[in-house]
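One structure is given here, and the rest of the page talks about it.
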Amino acid sequence: MTTMQRLSRVNAINWNRLQDDKDLEVWNRLTSNFWLPEKVPLSNDIQSWNTLTQQEKQLTIRVFTGLTLLDTIQSSVGAPVLMEDARTPHEEAVYTNIAFMESVHARSYSSIFSTLCTTRDVDDAFRWSEENPTLQAKSELILERYRSDDPLMRKVASVFLESFLFYSGFYLPMYWSSHAKLTNTADLIRLIIRDEAVHGYYIGYKFQQALAEATPERQQEVKDYAYELLLELYDNEVRYTESLYDEVGLSEDVKKFLHYNANKALMNLGFEPLFPSSVTDVDPTIMAALSPSADENHDFFSGSGSSYVIGKAVATEDDDWSF
Amino acid sequence: MLVDAAAESSSAGSIVYFSTKSGNTHRFVQKLGLAAQRLPIGREEPTLRVTTPYILITPTYGGGEVKGAVPGQVIRFLNDEHNRRLIRGVIAAGNTNFGDAYGLAGRIISEKCHVPLLYRFELFGTDDDVARVRKGVEEFWKRQT
Ligand SMILES: [Fe+2]
Ligand SMILES: [Fe+2]
């Protein structure tokens, strides 16, 4: 693409001379969020794991194997292609962090497996993942964009992976957590969910910057491609969701979660959300498992209005405050 | 800076907001279409001084730590006692992916300034968020005497 100026040579990176403050802001955020799976006491879930039926165990292992595939793609293909398109050395450095954390995410699922599951069940799930048509289709839809020579569409695909495709999988540990099952596993997944939000936000931000420089015709074209890709991924996600969750009766609520997150993925790209609130009303217990304070009674406008909500005591000792 | 003449002449207060270069909060405020003043992005620029009661809209920084959740530019603005006296409520942007820290900046400011946390929204907000906040803000100022 002629509109992009890729970094053609390597100079020593100087973090004290920034072209874009956002690079340092996100670098700081990512590095302060750093974690490893060893930090989470997964073995405390062994007892809980044993209360699941064989069918529920299989579903859980399959879901995590699907997530492992996405993290592997992002680590070994996604982040490296974004690096090629980086406009500043600091942006490139942020992608190296993202690439590494995706490896940590992928590694984490194997930690869950080795702690909770039998080798045979896990091997079966990996075989399943290689043969499952909808899982392979989503991987192919993304890889196709990564292989293309269009830096804008690479970022679009990347944001859809980060902010949309993971959520058919993330739903399940949130569901277990809302039923007081596999709560340590859910804690680990929440760390991943937190990382993915920063990844989607940052890649989306870089996308919007690059898009702003394109001609209006090109902007429209990219926007059309983006919605088209989202719908293609969405149709496939619906099939993937049904193939996994129909047997436990959760497909309809998972789809709401997909709509909710598809909207957020679009917003990360600067585009208007697509799904109306009538189809994004995810079960409140799932939302509470994701964000304990997400329910509406925490603020004045959504609550009855009778309760005068003052933030609950949080220790706020930030050096900058002077009162 | 959006200055809506109708809003200015009424007894209603205004909006003061902070938005980084990514512009999500800015976009939300634009959609509200209410009189609003944006805090300077540059850390070296002098902060704003307000003259009328206002609702503060701010993003939340960081990934869950209380320290650093409120953008420095917002802290600097609130450190001015005169500005602090005029705040009536706070609205926070955030992301539910940050779990407990969703909209944390709003909770911190609410507690420190003893004003209600009026609303939270994600990224640049949906149309529903915009409609709810517009209506909520209008009613809120009516109730303030
Ligand atoms: Fe990941
Ligand atoms: Fe990611």
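At-a-glance table
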| item | result |
| --- | --- |
| Residue check for A:ALA210: outside any helix (DSSP H, G or I), farther than 21 Å from A:THR68 by Cβ and of a type in the set (A, V, I, L, M, F, W, C) | no |
| Residue within the range A:95-113 that is among the polar types (S, T, N, Q), modelled with pLDDT of 95 or more and closer than 21 Å to A:ALA262 by Cα present | no |
| Total residues in the range A:51-92, condition in a loop (DSSP other than H, G, I, E, B) and within 13 Å of ligand 2 (Cβ to nearest atom) | 0 |
| Tally of residues being of a type in the set (D, E, K, R) and more than 9 Å from every other protein chain (Cβ to nearest Cβ) across the range A:178-203 | 2 |
| In the range A:93-133, residue nearest to the other protein chains (Cβ to nearest Cβ) [restricted to those that are of a type in the set (A, V, I, L, M, F, W, C), more than 16 Å from ligand 2 (Cβ to nearest atom) and under 21 Å from A:THR185 (Cα atoms)] | A:ILE112 |
| In the range A:26-50, the residues that are of a type in the set (S, T, N, Q), at the interface with chain B (Cβ under 10 Å from one of its Cβ atoms) and in a helix (DSSP H, G or I) | A:ASN28, A:SER32 |
| Failed item, numbered, when A:ALA212 is tested on (1) more than 11 Å from chain B (Cβ to nearest Cβ); (2) away from ligand 1 (no atom under 16 Å from the Cβ) | (1) |
| So A:SER277, is it within 21 Å of A:ILE192 (Cβ to Cβ) and within 11 Å of another protein chain (Cβ to nearest Cβ) | no |
| Test for B:THR60: is it under 15 Å from the mean Cα position of the chain (by Cα) and either modelled with pLDDT under 95 or of a type in the set (D, E, K, R) (or both) | yes |
| Candidates A:PRO80, A:PRO89 - the one that is free of Cβ contacts under 8 Å to residues at least 40 places away in the same chain and either away from ligand 1 (no atom under 14 Å from the Cβ) or within 22 Å of A:GLN58 (Cβ to Cβ) (or both) | A:PRO80 |
| Among residues of the range A:134-147, those that are within 16 Å of ligand 2 (Cβ to nearest atom) and small (Gly, Ala, Ser), counted | 1 |
| Failed criterion for B:PRO40 (all others in (1) in contact with a Pro (Cβ under 9 Å, 6 or more places away or on another chain); (2) crowded, with 17+ Cβ neighbours inside 10 Å; (3) more than 8 Å from chain A (Cβ to nearest Cβ) hold) | (2) |
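The values are calculated or read from the model by the stated rules, or taken from the named source; none is laboratory data. In this text the structure is predicted, and so the values were computed from the model without any measurement. Using ideal geometry, Cβ is built from the backbone for each residue, glycine included, and neighbour counts are taken over all protein chains shown.
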